[in-house]
Amino acid sequence: MTHDQIIADIRKKEFKPVYFLHGTEPFFMDEITKVFEEEILNESEKAFNMTVMYGKDSHFKTVVDAARRFPVMASHQVVILKEAQEMKTLGELKTYAQNPAPTTLMLIVHKHKKYDMRSAFGKAAKASGIVLECKQLYDNQVPAWIRKSIKSRGYDVEDRALELLTEYLGTELSKISNELDKLSLNIEKGTVINTDLVQKNIGISKDYNVFELQDAIGAKNREKCVRIIRHFAANPRKHSVIHLLASLYSYFSKLYIAGTYSGSSDLELAKAMGFKFRDERKAQYAAKHRVAPYRIAMRNYSRQHIERAFNILKEYDLRSKGVGDVGTPQGELMKELVLKILG
């Protein structure tokens with residue numbers, strides 16, 4: 001069961017007596033906790049039927065006593081145990097989990113690490129309720145998650161804008177969600193989000209982003225490349241060497257494909273490179289815009305040069321992970337990488 005399914009079931013009043021959340025991605029836990037705090041009880045019911053406790057300050061007996069109480073003028077009471085990883089007697093809750101109160105909804109939130117579900121408490125929680133391990137997304141899962149989040153807010157997003165959001169916002173889901181909330185405050189429902197809207201509303205520099213760098217590399221504009229890399233190096237939290245490597249690998253992969261379809265039309269070339277177009281009536285114009293920088297790069301990079309770029313990317317990927325490197329600063333690695341690709 002996913003966190004979306006848990007939330008959907010709660011909103012349908014399909015409850016379980018115990019919910020145990022654990023793992024390394026706090027965003028999903030925070031979303032479920034928010035629903036417990038705001039949507040199960042109305043405001044008048046919360047005064048007598050909502051109990052929030054913290055693991056560091058709680059003993060299992062106190063938690064059990066709260067959970068065994070009867071609700072007051074409500075069908076259920078809600079007991080939330082936050083920061084359960086700090087509770088030394090968490091495992092003792094196994095006796096409650098084996099026989100939970102039918103009118104209590106207990107949410108236990110164990111953040112920052114996976115809990116051993118082979119333990120007695122883990123087995124009891126799984127048998128009597130819902131257990132969800134909240135895992136951090138892999139880098140390649142983040143774009144799909146961003147697109148889904150944008151659609152859930154009532155918008156759509158162009159592929160290039162999605163790439164820009166992914167590159168700039170990283171993989172921290174709470175940060176991404178906050179930025180998407182800010183974005184949605186300033187645009188009408190149903191809008192298709194493009195790069196201009198992203199740059200205007202999220203504060204991404206129009207001149208210093210990874211797509212401008214890709215185009216500058218493709219055009220072999222050394223001066224512009226150095227200027228962008230200096231900006232990246234001065235803002236390491238927004239522009240890491242890991243994200244740069246992933247972005248350039250994707251770029252040269254498309255350029256490699258482009259070389260094979262060099263004699264094709266703009267639309268054929270764009271589709272071969274993986275670009276998608278939602279409006280087929282405007283696809284020809286959109287394709288021309290998307291492939292234009294690649295046609296410039298195709299004049300500057302032969303297949304041999306592209307293969308050499310892949311080898312350079314592999315070398316710097318290893319160096320960024322400490323293999324064969326004595327601690328070169330991230331900014332220097334990025335500068336060396338780009339200059340070596342330019343040749």
*Note down all Cβ pairs under 8 Å where the first residue falls in segment 108-121 and is assigned to a helix (DSSP H, G or I) and modelled with pLDDT of 95 or more, the second is surrounded by 19 or more Cβ atoms within 10 Å (Cβ to Cβ) and of a type in the set (Gly, Ala, Ser), and they're at least six residues apart or on different chains.*
121/97
*Can you name the residue in segment 128-145 that is at pLDDT below 95 and of a type in the set (A, V, I, L, M) and, of all such residues, is farthest from residue 88 (Cα to Cα)?*
144
*Pick out, from segment 194-237, the helices (runs of 4 or more DSSP H) lying fully within it that include 2 or more residues that are among the charged types (D, E, K, R) and either touching a residue at least 40 places away in the same chain (Cβ under 8 Å) or more than 27 Å from residue 302 (Cα to Cα) (or both).*
195-202, 222-234
*Among the listed residues 156, 196, which satisfies the condition of being surrounded by fewer than 12 Cβ atoms within 10 Å (Cβ to Cβ), modelled with pLDDT under 95, more than 12 Å from the chain's Cα centre (by Cα) and not hydroxyl-bearing (Ser, Thr, Tyr)?*
196
*Identify, from the list 193, 202, 242, 228, the residue that is β-branched (Val, Ile, Thr), over 20 Å from residue 306 (Cβ atoms) and touching a strand residue (DSSP E or B) at 6+ places or on another chain (Cβ under 7 Å).*
193
_Members of segment 122-149 that are within 22 Å of residue 286 (Cα to Cα) and in contact with a strand residue (DSSP E or B) (Cβ under 7 Å, 6 or more places away or on another chain)_ = 147
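Okay, residues lined up against (1) surrounded by fewer than 14 Cβ atoms within 10 Å (Cβ to Cβ); (2) over 19 Å from residue 277 (Cβ atoms); (3) among the hydrophobic types (A, V, I, L, M, F, W, C):
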site	(1), (2), (3)
140	yes, yes, no
145	no, yes, yes
185	yes, yes, yes
189	yes, yes, no
*Could you pull out every one of the helices (runs of 4 or more DSSP H) wholly within segment 239-311 that has 2 or more residues that are exposed (fewer than 15 other Cβ atoms within 10 Å of the Cβ)?*
241-260, 283-300
*Is there a residue being in a helix (DSSP H, G or I), polar (S, T, N, Q), touching a residue at least 60 places away in the same chain (Cβ under 8 Å) and in contact with a Ser or Thr (Cβ under 7 Å, 6 or more places away or on another chain) anywhere in segment 170-191?*
yes
_helices (runs of 4 or more DSSP H) (entirely within segment 34-103) containing at least 1 residues that are within 20 Å of residue 7 (Cβ to Cβ)_ = 43-49
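The values are calculated or read from the model by the stated rules, or taken from the named source; none is laboratory data. Predicted model, so just to flag it, every value in this text is computed and none were measured. When we count neighbours, we look across all protein chains shown, and the Cβ atoms used for this are built from the backbone with ideal geometry, even at glycine.
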